[in-house]
Amino acid sequence: MLITRYARLCVVCVSACLMLAAGAARGADNKPSADKEKELLALLRSDAPKAEKAVACKNLAVHGSSESVPELARLLGDEQLASWARIPLEAIPGPAADEALRKALDGLNGQLLVGAINSIGVRRDGYAADALIARLQDKDTEVASAAAVALGHIGSDAAVTALKKSLAGGPVKLRSSVAEGLVLCAEQRMNDGRTQQAVEIYDQVRKAELPKQRQLEATRGAILARKQEGVALLLEQLRSPDKAFFQLALQTAREMPGRKLDEALVAELDNTAPPRAALVILALADRKDSAALPAVLDAAAKGPKDVRLAAINAIARVGDASCVTPLLAIAIENDPELTRAAKTALSDLPGDNVNQEIIGRLTKADAKAYPVLIEVVGERRIAAVPALVKALDSSEKEVRTSALAALGATVGPQDLKVLVAQVVSPKHSDDATAAQQALKTAAVRMPDREVCAAEIAAALDGASSATKGVLLDTLAAVGGTKALAAVGAAAKSSDSELQDIGSRLLGEWMTIDAAPVLLDLTKTAPGDKYQARALRGYVRIARQFVMPDADRIEMCNRFLGACRQPAEQKLVLEVLKRYPTQDTLKLAAKLMQTPELKEDATQAALVIAQKLGNKAEGVQQLLSQAGLGKVKVEIVKAEYGAGATQKDVTEVLQKQTTDVQLIALPSDDYNSAFGGDPVPGTVKQLKVQYRINGNPGEATFAENALIILPMPKSK
């Protein structure tokens, strides 16, 4: 199988990286060490494992000199170390390494010979050209292919002559590699300024019978080597029915500078099918210093829709302030897709003067353009408060709505009062929702939330009940000390509507500092409804928020002290189960003494103990004190299913049995834990026959329920 160019490039890239690293190491600040070289050579001459010798070879890429070459050359025939030896041979400066690689050609074959040839190519050893030219006739196609590519890296006139001859009359299997070598030769001539020679080589390759990839490489080179004279050849590919050559033309157009190509591509738009024209426009937009912007603007203004969309998207990347007017004209057309694309382009348009142009147009826009410009002001975050406030006086709701949204996106702290006023006393009643959303948008992005909260809280006194609810909701979104105080005061007010809103917001508060306010509300809130809501909010903080364990226990105890009903006290058990510690186990055990809580508290204690594990200090003692000491649990029989369809899961439960009444399955989902669903789509039960301390018991559990075996009565 032929070695692909990609694989050879990988070898070359790795070698180049190592040579660069070696070069850096040989710099003034990190010179190669002669002593280190001697140490590494001694290792190579020893009986050390080959893995250690491989590392030594790699290090010789840094510390090696011509003194290392003979030892490294001896390894070129070693199948395990040859590739490692070539790394330093490619990096060591001077003719000794070149000579060693040349001499090795006569004694190697197969992959070892291919590797040596590749290394010669990396070093670009011109003295090896004759030997490599001879290898073009090698019966081993991989060897001949490697020689062709290595000659390409060398790039001498002799190499070019030999490769051209092989391309014209050599074996078909070798042509792709020969063409690759010729392309490399042409690239060198391009870099050296010998463009005419490069053109001749590229043309010979692109016209030969070769795999398409080689033809594409040569065609690209032929276009770029011709410079401005390559425009005609590029257009030829642009018109090709072959998609690969069309794509090549698009990519090469992005690389090739010059106004001549700009003009040619623009002219081509009129003669190109719309799908391709759209891609040409994108290529035009990607060209550096392209002068084709007027043509792109023209394509955006008229023509097939997909071409217009491509042009609009291109303008968004390469346009400037001159594009505002034409884009605005498209943005007020009747086609929703074009309108949306034009608005997006106006929002993304680059350039320092674009914002000024938009503001200038805003003051003199007609009825259609006015709301669009206002929307763009908001999207671009342009500071234009006076103009937007003026827009609030418009008789058109669309204009006012856009202005409010833009204000929400742009106002600073000093102008927040504008939106507060619009919420408290809107000029138009149907603007209320838009004003409220704008205020919240602005409030949550203010840099100083305390100043922001003070501004909003100050407006509560003069607002209607409905508006107060909106302001409180906004304060909750802002958060902070002043916002919390205002919402807390509302929850304790005599206004039932504010009590409802305030207690709800406190129950959803996203910071831990709401806990004291909620606890106070459990004692002072008017009505059981709001007290219960405060309790749930308080325990939510204990359950969800990060805090020291001691603080969480304190919150749980305070919660229990504020509760009036056992049903409320049960909420704390969920907190205890989530955070298993000795303290939470102690509290669960204590709650077991309350008759109404005993069953739930027992479950909680067992869950906590199971999570802590038997190795946790004091767990068994605490369980014993609570009457939940170690027990001997035996699973006699366990079935999972519904009706007549039951699956025997005895063995699964037996494996999970410990010395407590709780059985923790591998998964919370019974179907997963028991290896499948025995009756899909049907509610199932788990039936267990067991013995605890020799006493038999039976229990049934709903699907996915926690499995805690009740203690049977003693015999």
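Of all the residues in region 335-372, those that are open to solvent by 60 Å² or more (accessible area, probe 1.4 Å), among the polar types (S, T, N, Q) and modelled with pLDDT of 95 or more number 1.
When region 464-516 is filtered for residues that are assigned to a helix (DSSP H, G or I), within 14 Å of Tyr538 (Cβ to Cβ) and among the polar types (S, T, N, Q), only Ser503 remains. Within region 239-279, the residues that satisfy the criterion of being under 17 Å from Gly221 (Cβ atoms), under 37 Å from the mean Cα position of the chain (by Cα) and hydrophobic (A, V, I, L, M, F, W, C) are Ala244, Phe245, Leu248, Ala249, Leu250, Ala253, Met256. Under the condition of being of a type in the set (Gly, Ala, Ser) and over 49 Å from the mean Cα position of the chain (by Cα), the residues counted in region 156-165 number 2.
Checked against (1) open to solvent by 50 Å² or more (accessible area, probe 1.4 Å); (2) more than 38 Å from the chain's Cα centre (by Cα), Ser394 meets all criteria but (1).
From the list Ala21, Ala25, the one residue that fits, being at pLDDT below 95, closer than 27 Å to Ala146 by Cα, surrounded by fewer than 19 Cβ atoms within 10 Å (Cβ to Cβ) and of a type in the set (A, V, I, L, M, F, W, C), is Ala21. The residues on offer are Glu455, Glu450, and the sole one that is modelled with pLDDT of 95 or more, under 17 Å from Val424 (Cα atoms) and open to solvent by 10 Å² or more (accessible area, probe 1.4 Å) is Glu455. For region 198-207, the candidate set comprises residues that are out of contact with any Gly (no Cβ under 6 Å at 6 or more places or on another chain) and open to solvent by less than 20 Å² (accessible area, probe 1.4 Å); within that set, the residue that is nearest to Leu234 (Cα to Cα) is Val199. Across region 215-262, the number of residues qualifying as open to solvent by less than 80 Å² (accessible area, probe 1.4 Å), assigned to a loop (DSSP other than H, G, I, E, B) and either in contact with an Asp or Glu (Cβ under 8 Å, 6 or more places away or on another chain) or over 21 Å from Leu167 (Cβ atoms) (or both) comes to 4.
The residue that is surrounded by the most Cβ atoms within 10 Å (Cβ to Cβ), among those in region 628-647 that are of a type in the set (Gly, Ala, Ser) and more than 25 Å from Ser714 (Cα to Cα), is Gly641.
Of the conditions (1) within 30 Å of Asn59 (Cα to Cα); (2) open to solvent by 40 Å² or more (accessible area, probe 1.4 Å); (3) charged (D, E, K, R); (4) at pLDDT 95 or above, Asp106 clears all except one; give me its number. Result: Asp106 passes all but (4). Are any of the residues in region 427-435 free of Cβ contacts under 8 Å to residues at least 24 places away in the same chain and of a type in the set (Val, Ile, Thr)? Checking region 427-435: at least one residue is free of Cβ contacts under 8 Å to residues at least 24 places away in the same chain and of a type in the set (Val, Ile, Thr).
The values are calculated or read from the model by the stated rules, or taken from the named source; none is laboratory data. Everything quoted here is computed from the prediction, not taken from an experiment. All Cβ positions, even for glycine, are placed from backbone atoms using ideal geometry, and neighbour counts span all protein chains on display. Quick note on the areas: whole protein, heavy atoms, side chains included, nothing else; ligands and nucleic acids left out. Shrake-Rupley method; radii C 1.70, N 1.55, O 1.52, S 1.80 Å.
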